[in-house]
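In what follows, a structure is listed as structure tokens, so that the remarks can point back to it.
The values are calculated or read from the model by the stated rules, or taken from the named source; none is laboratory data. A quick note: this is a predicted structure, and the numbers were derived from the prediction, not measured. Cβ placement follows ideal geometry from the backbone for every residue including glycine, while neighbour counts extend to all protein chains displayed.
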Amino acid sequence: MDIGLEGGFADPVLQSQAGFRTIMDALANPGTVQNFTKSALAHGALTAELVSTLLTLCDQDSPIWLSDSLRHSDVEAFVAFHTGAPIVREPARAMLAFATSAAELPELGQFNLGTQEYPDRSTTIVLAVPALSGGDELITRGPGIRDHGHISPLGLPEDFIGQWADNRELFPRGIDLLLVADGAVLGLPRTTRIAEGH
Amino acid sequence: MNAVAQYNFAYLDEQTKRMIRRAILKAIAIPGYQVPFSSREMPMPYGWGTGGVQVTASIIGPQDVLKVIDQGADDTTNAVSIRAFFAKVAQVETTTHTADATIIQTRHRIPEKPLGRGQILVYQVPIPEPLRFLEPRETETRKMHALEEYGLMHVKLYEDIARHGRIATTYAYPVKVEGRYVMDPSPTPKFDNPKMHMSEALQLFGAGREHRIYAVPPHTEVVSLDFEDHPFEIQHFEEPCALCGAEQVYLDEVILDDRGGHMYVCSDTDNCEERREAGHVGVLGTPQEAAE
Amino acid sequence: MYVAVKGGEAAIANAHALLADRRRGDRSVPALRIDQIVEQLGLAVDRAMGEGSLYDKELAALALVQARGDLIEAIFLVRAYRTTLPRFGYSHPVETGEMLIERRISATFKDLPGGQMLGPTFDYTHRLLDPSIVSGDVPEPITRSEEPSRSPRVTDLLAHEGLIEPDFGTADPTEDREVGDLTREPLDFPLDRDLRLQALARGDEGFLLALGYSTQRGYGRSHPFVGEIRIGEVAVEFDVPELGFAVNLGRIRVTECQMVNQFKGSAKVPPQFTRGYGLVFGQAERKAMAMSLVDRALRAKEFGEDITAPAQDEEFVISHSDNVQATGFVEHLKLPHYVDFQAELDLIRRMRAEHEAVAVKEAAE
């Protein structure tokens, strides 16, 4: 029986460091596609990119929320063994949230949005999408983006533009989003403004 | 007695790094907001760069090239000490050349050479709270930031004008980031403030004793506070660097004798050396070949 | 020609070599051994362990030698080492009621179950320098005839009559709340008492002593009585999830002080004594007493008392009680500040020049 012991980082110290720099670059340069240079192995419903992000950022001090298809004993055992992160049912209690598809993601506003005093206490959502490009083109603006940029990820939630605008409106509160696919990550911090068009 | 500890890569244990990394990501997502983090005791004193060291230790990897400056110079003792620390615990390559560094840890200066995409500037911060000298209580300043209530800061700056005819803050000059958070740029001279605005580099700030991390992402608006009738202006030096002849750079004053003799030399030693290697000579400098 | 100052690296290496030389001192004098320090400078070791927040006598003794006897430097060394240690979990709360007591005194009752025991105290020694200590007179070793006794805590005796507030103060004991950990979480004011006590337990003895003293002189007066001071060994127990029961890891020596303070009562609460609490590693009576005075002072808000004195001001006290932080920031002033100073110098010169110009102009008019 798979009890989740397999498939952690082979070199936890340096893989975590590399994974973190990838994620940090993604959030510091919103909309750019940053490759995980030292990839991890997929585990059950967890894609390789979700595994990389999970192992890089989570431990017993970071409550996490898992979407339905991740709520299986093999994934939960993997999370417990490799990170010790407590798994929470309510999105609003999660420091990080992992979802395998937009369909499994509640409305962004249901996650922890932080408070006006402590806006940092909000959820970072990690969403696996089919691809980071090839979808409808969107325009991005904001800190980390010189003038403006373009993104075209596939598999965004329905009404994403509206939900994101609501999230942006809450600033400094709000969630931050990491889209992962194809061995890479695209970061959308709460500061990024997203519009349709070219 | 216990065996001597085997220290982890970059000194910090992995759990501490993860905690700091999560704080850094939130800091980047909320530019200028001070994220509380559980600062650790470091093997150097609080107030001597433990915040910067913890940030650097949490981001640095074997591919990085590290530069450490204090007062703009690579050779000041605390910069030497911190550079040696990372060379030892992270076995990373170090450099004094601004352009070659991927991570630059600094105290009190921003290098003269504009930083580029992919570079990270890590500031050591003693008092991260720009409102601290106006209101010593954290419980109060937190509310002020939450409510975007920065009137007190403007009152202080305006009192300066009333008393001295100008804003008398010369370093740690407060800035507003992306039109929202008022931020302390660390005790850099206000000369360096414009370099923070729309920088290509990622700027990370670590305050160890005060348990705060904050950030300015690349291409982010950083505006020094001022008034329409008293616009922000930087220091101007009357004379160029005596060694390399540079103008529009920040200078250190060096006392030459006890009769008031003094000269000005570049604070950014790497920039000065590169200029001299390129053939620039100041009034008291010597051409490079002759100096051999 | 001017040559910029260089050689920071060499200067540091030379300074450290000189430090090592001075630390060793006259080579004809035998070097101190760690066991000598542990055995003969025990209270210094205890302070380094207490404020260093790490119970390890040998490491604390090593730190003391390395620091040339500078206690705050030794505390800093212990802390910097502590922070690198892996964390296995949290022990059960130590049961001081089960302490194997070596010293136990109460200022509130003449006699009480378990009795008063002076133990190894400086109290009632005449403070006359004693040359016999260095002249080689060795006191006969004292072996205790009986096992150290267990005694009920004075506060528990008072509690039977409801005369004193319970151990948990005004907190709700039914609330299942995790105890905080100031080494893992940044402090967020206002604090709960658990975090405050942690900060005080590792706080600087001198700072707490002065604050405790100030409450006695009227700056936040709390009418304290020493209900009890007890020094001795307590067991440390740790849950091992695989075993399903707690394992005894060993015993540590601690000092506990329970201060009994006045409280008038309110409409809801009948008159009751209140408490201030101190618990410190090793034999550290002064620290435990000062801690309990400051703990009580910091509970002012809990009891609806006016906050008028420094010792009652939580953010002020806790933000400045850590001597490792304090020494770092005070001492950082000796680091170079040329750049900031230059900025100030430039401004003051320009302001003086303008001042002079105005004076000249006024004189001419």
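Looking at the structure I just gave you, is C:Pro93 outside any helix (DSSP H, G or I), at pLDDT below 95, under 30 Å from A:Asp59 (Cα atoms) and within 14 Å of chain B (Cβ to nearest Cβ)?
no
Those residues that are part of a helix (DSSP H, G or I) and under 15 Å from the mean Cα position of the chain (by Cα), I need them from segment A:30-73; list them, please.
Listed by number, the residues that qualify are A:Ala48, A:Glu49, A:Leu50, A:Val51, A:Ser52, A:Thr53, A:Leu54, A:Leu55, A:Thr56, A:Leu57, A:Leu70.
Taking segment C:345-365, which residues are more than 13 Å from B:His164 (Cβ to Cβ), among the acidic types (Asp, Glu) and in a helix (DSSP H, G or I)?
C:Asp346, C:Glu356, C:Glu362
In this structure, does A:Phe111 turn out to be within 14 Å of chain B (Cβ to nearest Cβ) and within 30 Å of B:Arg212 (Cβ to Cβ)?
yes
Can we say B:Arg21 is outside any loop (DSSP other than H, G, I, E, B), among the basic types (Lys, Arg) and within 9 Å of another protein chain (Cβ to nearest Cβ)?
yes
Any idea which residue in segment A:9-29 is nearest to the other protein chains (Cβ to nearest Cβ), counting only those that are crowded, with 18+ Cβ neighbours inside 10 Å and part of a loop (DSSP other than H, G, I, E, B)?
Top of the filtered list is A:Asn29.
Condition check: charged (D, E, K, R), under 15 Å from B:Leu202 (Cβ atoms) and in contact (Cβ under 8 Å) with a residue 24 or more places away in the chain. Does B:Asp100 satisfy that?
Against the criterion (charged (D, E, K, R), under 15 Å from B:Leu202 (Cβ atoms) and in contact (Cβ under 8 Å) with a residue 24 or more places away in the chain), B:Asp100 does not qualify.
Let's see how each residue does on (1) hydroxyl-bearing (Ser, Thr, Tyr); (2) within 19 Å of B:Thr269 (Cβ to Cβ); (3) assigned to a loop (DSSP other than H, G, I, E, B):
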| position | (1), (2), (3) |
| --- | --- |
| B:Ala27 | no, no, no |
| B:Tyr33 | yes, no, yes |
| B:Arg40 | no, no, yes |
| B:Gln91 | no, no, yes |
| B:Arg109 | no, yes, yes |
| B:Gly116 | no, no, yes |
| B:Pro126 | no, no, yes |
| B:Leu134 | no, no, yes |
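Residue-wise test of (1) buried (at least 23 other Cβ atoms within 10 Å of the Cβ); (2) without any contact (Cβ under 8 Å) to a residue 40 or more places away in the chain.
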position	(1), (2)
A:Thr37	no, yes
A:Gly44	no, no
A:Leu70	yes, yes
A:Phe81	no, no
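Is at least one residue of segment B:193-201 more than 12 Å from chain C (Cβ to nearest Cβ) and part of a strand (DSSP E or B)?
no
Any residue in segment C:7-34 that is more than 14 Å from chain B (Cβ to nearest Cβ) sitting within a Cβ distance under 6 Å of a residue that is surrounded by 11 or more Cβ atoms within 10 Å (Cβ to Cβ) and modelled with pLDDT of 95 or more? List the pairs, counting only those 6 or more apart or interchain.
C:Arg23/C:Arg68; C:Leu32/C:Val65
Answer yes if at least one residue in segment B:69-82 is buried (at least 18 other Cβ atoms within 10 Å of the Cβ), over 27 Å from C:Lys334 (Cβ atoms) and not assigned by TED's automatic domain parsing to the domain that holds B:Glu273, and no otherwise.
For segment B:69-82, residues buried (at least 18 other Cβ atoms within 10 Å of the Cβ), over 27 Å from C:Lys334 (Cβ atoms) and not assigned by TED's automatic domain parsing to the domain that holds B:Glu273: absent.
Within segment B:24-32, is there a residue that is in contact with a Ser or Thr (Cβ under 9 Å, 6 or more places away or on another chain), facing chain C (nearest Cβ under 9 Å) and touching a residue at least 24 places away in the same chain (Cβ under 8 Å)?
No; the residues of segment B:24-32 include none that is in contact with a Ser or Thr (Cβ under 9 Å, 6 or more places away or on another chain), facing chain C (nearest Cβ under 9 Å) and touching a residue at least 24 places away in the same chain (Cβ under 8 Å).
Residues checked against (1) of a type outside the set (D, E, K, R); (2) under 20 Å from B:Leu115 (Cβ atoms); (3) assigned by TED's automatic domain parsing to the domain that holds B:Ile30:
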{"residue": "B:Ala201", "(1), (2), (3)": "yes, yes, yes"}
{"residue": "B:Gly206", "(1), (2), (3)": "yes, yes, yes"}
{"residue": "B:Glu210", "(1), (2), (3)": "no, no, yes"}
{"residue": "B:Ile213", "(1), (2), (3)": "yes, yes, yes"}
{"residue": "B:Val216", "(1), (2), (3)": "yes, yes, yes"}
{"residue": "B:Leu243", "(1), (2), (3)": "yes, no, no"}
{"residue": "B:Val254", "(1), (2), (3)": "yes, no, no"}
{"residue": "B:Tyr264", "(1), (2), (3)": "yes, no, no"}
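Go through segment B:173-204 and report how many residues are of a type in the set (S, T, N, Q) and under 17 Å from B:Val35 (Cβ atoms).
Residues flagged as of a type in the set (S, T, N, Q) and under 17 Å from B:Val35 (Cβ atoms) within segment B:173-204 amount to 2.
Hey, does segment B:37-45 have a residue that's more than 21 Å from A:Pro172 (Cβ to Cβ), without any contact (Cβ under 8 Å) to a residue 24 or more places away in the chain and either touching a His at 6+ places or on another chain (Cβ under 6 Å) or facing another protein chain (nearest Cβ under 7 Å) (or both)?
Among the residues of segment B:37-45, at least one is more than 21 Å from A:Pro172 (Cβ to Cβ), without any contact (Cβ under 8 Å) to a residue 24 or more places away in the chain and either touching a His at 6+ places or on another chain (Cβ under 6 Å) or facing another protein chain (nearest Cβ under 7 Å) (or both), which makes the answer yes.
Considering every residue within segment C:181-189, establish whether at least one is over 27 Å from C:Leu71 (Cα atoms) and not aromatic (Phe, Trp, Tyr).
Looking through segment C:181-189, at least one residue is over 27 Å from C:Leu71 (Cα atoms) and not aromatic (Phe, Trp, Tyr).
Look through A:Gly174, A:Gly142, A:Gly134 and report the one residue that is at pLDDT 95 or above, within 14 Å of chain B (Cβ to nearest Cβ) and over 21 Å from A:Ser67 (Cβ atoms).
A:Gly142
What residue, of C:Ala326, C:Ala284, C:Ala288, C:Ala309, is small (Gly, Ala, Ser), over 30 Å from B:Ile167 (Cβ atoms), in contact with a helix residue (DSSP H, G or I) (Cβ under 6 Å, 6 or more places away or on another chain) and buried (at least 16 other Cβ atoms within 10 Å of the Cβ)?
None of the others qualify; the one that does is C:Ala284.
Within segment A:123-175, restricting attention to residues that are touching a strand residue (DSSP E or B) at 6+ places or on another chain (Cβ under 9 Å), without any contact (Cβ under 8 Å) to a residue 60 or more places away in the chain and on the phi > 0 side of the Ramachandran plot, which residue is surrounded by the most Cβ atoms within 10 Å (Cβ to Cβ)?
The qualifying residue surrounded by the most Cβ atoms within 10 Å (Cβ to Cβ) is A:Gly155.
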